[in-house]
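The values are calculated or read from the model by the stated rules, or taken from the named source; none is laboratory data. Quick caveat, the model's predicted, so the values are computed rather than measured. Here Cβ is always computed from backbone atoms with ideal geometry, including for glycine, and neighbour counts include all displayed protein chains. Note: areas computed on protein heavy atoms with side chains; ligands, DNA, RNA excluded. Shrake-Rupley method; radii C 1.70, N 1.55, O 1.52, S 1.80 Å.
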Amino acid sequence: RNIGELRADILKAKSFIPGTHRLNLHEIYGEFGGETVDRDQVEPRHFQGWIEWAKEHGMKLDFNSTSFSHPKSGDLSLANPDPGIRDFWVEHTKRCRAIAEEMGKAQGDPSIMNLWVHDGSKDLTVNRMLYRELLRDSLDRIFETEYDHMKDCIESKVFGIGLESMTVGSNEFCLGYAAQNHVALTLDAGHLHPTEVISDKIPTVLLLVDELLLHVSRPVRWDSDHVVIMDDELAAIAQSLIRNDLLARTNIGLDFFDASINRTAAWVIGTRNTIKALLRALLEPTEALMKLELAGDCTSRLAMLEELKSYPFAAVWDYYCEAMGVPVREAWLSEIKDYEREVQFKRG
């Protein structure tokens, strides 16, 4: 219901997750103090409280512009043929970049600023190139100012609910724009066709773009944001990063929500699973596997990859959690249940 409750839930989740992590905020989570601040008027001061709070709790901040859930959203924002509406969202996004710059300055590390817009059409579109030209022009205007303490990312999608026939910011558009203009590309695990996966795209697009932001999610049919589980694709994403030595050029963000379960528990489940997948990939004897591959010994390679699936990586995970002072295995669940009963249910 308010920033204080959100922060309490974040800290509770953090207490069950090993390691140090970043917090990714949307612009709508600013502290406006009851003042009506439209999105083309947002300023860094509206996030000063977050900057101070994050520093106090050992977290760094990343950021997102927010083009949805607004009277001027409609089906088109940065690709809107109406100059007034398009200018409104251009200004909003410019201001979000300025906020990310201030976050980066304060934390001594660049803030990752992701840009995704829902622009598209539910039904047939006559001139799709027009809208993509408008989006390209808007992005060019937005990125005119160069900053030193933030990084820009652009995110694609196949379609959104109510925008099934055409999405302006398609994968091809965003990949081409990122490569041509040297901004980072965001790959969301749930933003492609149901049969597509991002694990194979990672070592492909990093031949063409400078840097990646991943939104690790779990697609289920047309819904892209189920809680991340330890499935084959999560394991493959981690393996793709580790085996190809791409961690240094990849920012790993998590993008999931599920209103049917406790939100704080969802954060814990998804984040712990993502770390587990990375740990499992890091424990692989990558150099030895590559020697087999380059020697053409496909028999040994397959045998080793299959045997590794039953190696006891969970024992290393348990040790890591214990060393980091967080609950081992499912021990955190009873504490979440206590928090839900004693804190969250009493919020009314």
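If you go through region 29-41 one residue at a time, do you hit one that is of a type in the set (G, A, S), at positive phi and touching a residue at least 24 places away in the same chain (Cβ under 8 Å)? It would help to see each step written out before you state the result.
Narrowing region 29-41 to residues of a type in the set (G, A, S): 30, 33-34.
Those still in the list that are at positive phi too: 33-34.
From what's left, touching a residue at least 24 places away in the same chain (Cβ under 8 Å): none.
No, region 29-41 contains no residue that is of a type in the set (G, A, S), at positive phi and touching a residue at least 24 places away in the same chain (Cβ under 8 Å).
Please enumerate the residues belonging to region 286-343 that are open to solvent by 60 Å² or more (accessible area, probe 1.4 Å), over 21 Å from I275 (Cβ atoms) and part of a loop (DSSP other than H, G, I, E, B). A295 - this is the single residue of region 286-343 that is open to solvent by 60 Å² or more (accessible area, probe 1.4 Å), over 21 Å from I275 (Cβ atoms) and part of a loop (DSSP other than H, G, I, E, B).
Here is a check on your reading of the model: is V90 within 25 Å of F159 (Cα to Cα) and either open to solvent by less than 20 Å² (accessible area, probe 1.4 Å) or of a type in the set (S, T, N, Q) (or both)? So that I can check it myself, show each step before the final result.
Values: within 25 Å of F159 (Cα to Cα): yes; either open to solvent by less than 20 Å² (accessible area, probe 1.4 Å) or of a type in the set (S, T, N, Q) (or both): yes.
Against the criterion (within 25 Å of F159 (Cα to Cα) and either open to solvent by less than 20 Å² (accessible area, probe 1.4 Å) or of a type in the set (S, T, N, Q) (or both)), V90 qualifies.
Among the conditions (1) assigned to a loop (DSSP other than H, G, I, E, B); (2) at pLDDT 95 or above, L124 misses just one, which is (2). Filtering region 93-111 to residues that are more than 22 Å from V37 (Cα to Cα) and open to solvent by 10 Å² or more (accessible area, probe 1.4 Å) leaves K105, A106, Q107, G108, D109, P110.
In region 250-285, the residue that is nearest to S217 (Cα to Cα) out of those that are open to solvent by 50 Å² or more (accessible area, probe 1.4 Å) and touching a strand residue (DSSP E or B) at 6+ places or on another chain (Cβ under 7 Å) is L254. Where strands (runs of 3 or more DSSP E) fall wholly inside region 156-261, the ranges with 2 or more residues that are modelled with pLDDT of 95 or more are 184-188, 212-216, 250-254. For beta carbons closer than 9 Å, sequence separation of 6+ or different chains, a first residue in region 1-15 that is under 11 Å from H57 (Cβ atoms) and a second that is assigned to a helix (DSSP H, G or I) and open to solvent by 30 Å² or more (accessible area, probe 1.4 Å), the qualifying pairs are I10/W267; K14/W267; S15/E335.
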